[in-house]
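Engineer: Quick one: this structure, given as structure tokens, is what I'll be asking you about.
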Amino acid sequence: MAVAVVATLTVSCSDDDNPVTGQPATTDFSGTFTTQDQMGRPGINTVLSGSDANKNNFNITTPANQIAAFSGEFNNTLGAYYAAYGASFENNILGLDQAQTTAVLSLDVLQVSPDAPTSYFTSTSSFLTGRTLEDDVIDVSLIVLFGGNTGARFDGNNGTPNLISDNVSQEMGTSTSTFPYLTAAQF
Amino acid sequence: MKKIALWSTLAIAAIAGSLIAADHLDAPNVRNMNTDIADFFAFEGENSTSTTFIVSLPAGSAASNFDENVMIEINIDNTGADVPGAFPASVGVSEDLVIQALRQGDKMYFFGPYAPNSTTLSSTIDTNEAIGSVTIGSPGELLTGGIHAFAGQRQDAFFFDFQQFNTVAGTAPAEGFGSTGTNAFSGANVNAIVLEVPNVLLGTAPTHLADQFRAGLGAPVYGLPNSYNVWVETKRRN
């Protein structure tokens, strides 16, 4: 009898997922896992990697190697955006020239401060202390790339194109101030 | 020629994907794969002595879920540049700590933060570093070390007029983005993990990388607060 009971338990343990709980008979954390995608700051690869091959490679280049491998490519891409408008980069609100800007952005890691309120950008003395769900990171990125030293170059006035805001704000009700901060999915 | 090549690339991107979030569909090799990271956030949430991390992946339907063979790894650099002042020649940003997450069945299992035995693109999970699990879609659990964890489907909070971006990048219209926009992510959903981690588990934050960069240029520093350098990877089991 004892043998039969053991055999029964063994069989049930090797069954597929329990249909009631969805719990697998076993968990498996073994093996080696290899990088497929990575991200630090929003939009960097999408906006500044020029070719599909570069976009793929950027996702599997460890941050320590990103400046050496991609700052030149990013610089070319940013230069091409300006060339399309017959303009050239001028030092931005952070006091960085084009090569410095693309060097900083090619190191795709996000800074987050444990001891200060979080803001992707509040002012030229308060920025990059993290990224909240509400931060308008696209506008900040556009201002750094196209805003010049006032942040307002190419603002759509005086015959300039608007290159510093996509004119969208966060969808109402997609985030909250309490854990887990994102609201329930709606399909 | 360069301009034409750029236009072509972006035109193809516009056709290939209607939704590119902060990182959605950012490269061909991950397009429509369940390793594609949608977004990454790190901020001070409800608790000022903790740092909150949110990682999301696109959720096309209510039936979508995290892949049981795709590990989500949050990397934390808490030492900054190895040679202050030499940035960017010697950056030194490295994964001093990792927090790993892998779904098995109806639960998301978490590990860390701990110093990984490898800082390359290949990783293993040290099960001695397990801190607990949460049921997918449940309100969340308090794990070992006081880490508050959640995993499940949520709305996509990102906002971007991606179509107009493609137009600007592709054809350089005189008005640029113009004066109105449309959020391409309205109504989108994600599979998200949320981790609120006590700062004491993350070590002491180094000098802000932007100030290390400024010092390397010999320029006045910005005076930014000490900050961790963080990023997220998805890693597929070989």
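Values in this text are rule-based calculations from the coordinates and carry no lab data. Worth saying up front: this structure is predicted, and the values here are computed from it rather than measured. Virtual Cβ from ideal backbone geometry, glycine too; neighbours counted across all protein chains shown.
Engineer: Which of the residues that make up segment A:76-105 are at the interface with chain B (Cβ under 9 Å from one of its Cβ atoms) and part of a helix (DSSP H, G or I)?
Structural biologist: Selection gives A:Asn76, A:Thr77, A:Gly79, A:Ala80, A:Tyr81, A:Ala83, A:Ala84, A:Gln100, A:Ala103, A:Val104.
Engineer: For segment B:175-232, name all the residues that are more than 7 Å from every other protein chain (Cβ to nearest Cβ), surrounded by 17 or more Cβ atoms within 10 Å (Cβ to Cβ) and in contact with a helix residue (DSSP H, G or I) (Cβ under 6 Å, 6 or more places away or on another chain).
Structural biologist: B:Ala184, B:Leu201
Engineer: Going through segment B:52-73 one residue at a time, which ones are assigned to a strand (DSSP E or B) and either of a type in the set (A, V, I, L, M, F, W, C) or in contact with a helix residue (DSSP H, G or I) (Cβ under 6 Å, 6 or more places away or on another chain) (or both)? Explain how you work it out, then say what you get.
Structural biologist: As a first pass, look at segment B:52-73 and keep what is assigned to a strand (DSSP E or B): B:52-58, B:70-73.
Answer for segment B:52-73, where residues must be assigned to a strand (DSSP E or B) and either of a type in the set (A, V, I, L, M, F, W, C) or in contact with a helix residue (DSSP H, G or I) (Cβ under 6 Å, 6 or more places away or on another chain) (or both): B:Phe53, B:Ile54, B:Val55, B:Leu57, B:Val70, B:Met71, B:Ile72.
Engineer: Which of the residues that make up segment A:60-70 are in contact (Cβ under 8 Å) with a residue 12 or more places away in the chain and either surrounded by 21 or more Cβ atoms within 10 Å (Cβ to Cβ) or more than 8 Å from chain B (Cβ to nearest Cβ) (or both)? Can you show your working first?
Structural biologist: The initial filter retains those residues of segment A:60-70 that are in contact (Cβ under 8 Å) with a residue 12 or more places away in the chain, namely A:60, A:63, A:66-67, A:69-70.
Passing the criteria: A:Pro63, A:Gln66, A:Ile67, A:Ala69, A:Phe70.
Engineer: If A:Val47 passes every condition in (1) closer than 26 Å to A:Pro180 by Cβ; (2) touching a residue at least 40 places away in the same chain (Cβ under 8 Å); (3) more than 7 Å from chain B (Cβ to nearest Cβ) but one, which one does it miss?
Structural biologist: (1)
Engineer: Can you tell me which residue within segment A:34-52, out of those that are within 19 Å of A:Tyr81 (Cα to Cα) and among the aliphatic types (A, V, I, L, M), is surrounded by the most Cβ atoms within 10 Å (Cβ to Cβ)? Let's see the steps before the verdict.
Structural biologist: Just the residues of segment A:34-52 that are within 19 Å of A:Tyr81 (Cα to Cα), to begin with: A:42-52.
Those still in the list that are among the aliphatic types (A, V, I, L, M) too: A:44, A:47-48.
Working: A:Ile44: 22, A:Val47: 21, A:Leu48: 26.
Out of the qualifying residues, it is A:Leu48.
Engineer: Are any residues in segment A:138-176 facing chain B (nearest Cβ under 7 Å) and either in contact with a Cys (Cβ under 7 Å, 6 or more places away or on another chain) or at negative phi (or both), and if so, which ones?
Structural biologist: A:Ile138, A:Pro161, A:Asn162, A:Leu163, A:Ser165, A:Asp166, A:Val168, A:Ser169, A:Gln170, A:Glu171, A:Thr174, A:Ser175
Engineer: In segment B:123-145, what residues are at the interface with another protein chain (Cβ under 7 Å from one of its Cβ atoms) and either within 30 Å of A:Ser165 (Cβ to Cβ) or in contact (Cβ under 8 Å) with a residue 60 or more places away in the chain (or both)?
Structural biologist: Taking segment B:123-145 as the starting set, the residues that turn out to be at the interface with another protein chain (Cβ under 7 Å from one of its Cβ atoms) are B:123-125, B:127, B:140.
B:Ser123 - this is the single residue of segment B:123-145 that is at the interface with another protein chain (Cβ under 7 Å from one of its Cβ atoms) and either within 30 Å of A:Ser165 (Cβ to Cβ) or in contact (Cβ under 8 Å) with a residue 60 or more places away in the chain (or both).
Engineer: Hey, among B:Ala192, B:Ala172, which residue is among the aliphatic types (A, V, I, L, M) and without any contact (Cβ under 8 Å) to a residue 60 or more places away in the chain?
Structural biologist: Values: B:Ala192 fails: without any contact (Cβ under 8 Å) to a residue 60 or more places away in the chain.
Result: B:Ala172 is the single residue among B:Ala192, B:Ala172 that is among the aliphatic types (A, V, I, L, M) and without any contact (Cβ under 8 Å) to a residue 60 or more places away in the chain.
Engineer: I'd like the full set of residues that are acidic (Asp, Glu) and at the interface with chain B (Cβ under 7 Å from one of its Cβ atoms), limited to segment A:106-134. Even if it seems obvious, please write down each step before you answer.
Structural biologist: Going residue by residue through segment A:106-134, those that are acidic (Asp, Glu) are A:108, A:115, A:134.
Residues satisfying the conditions are A:Asp108, A:Asp115.
Engineer: Collect the residues in segment B:146-163 that are out of contact with any Pro (no Cβ under 9 Å at 6 or more places or on another chain) and at the interface with chain A (Cβ under 7 Å from one of its Cβ atoms), keeping them in residue-number order.
Structural biologist: B:Gln153, B:Gln155, B:Ala157, B:Phe159, B:Asp161
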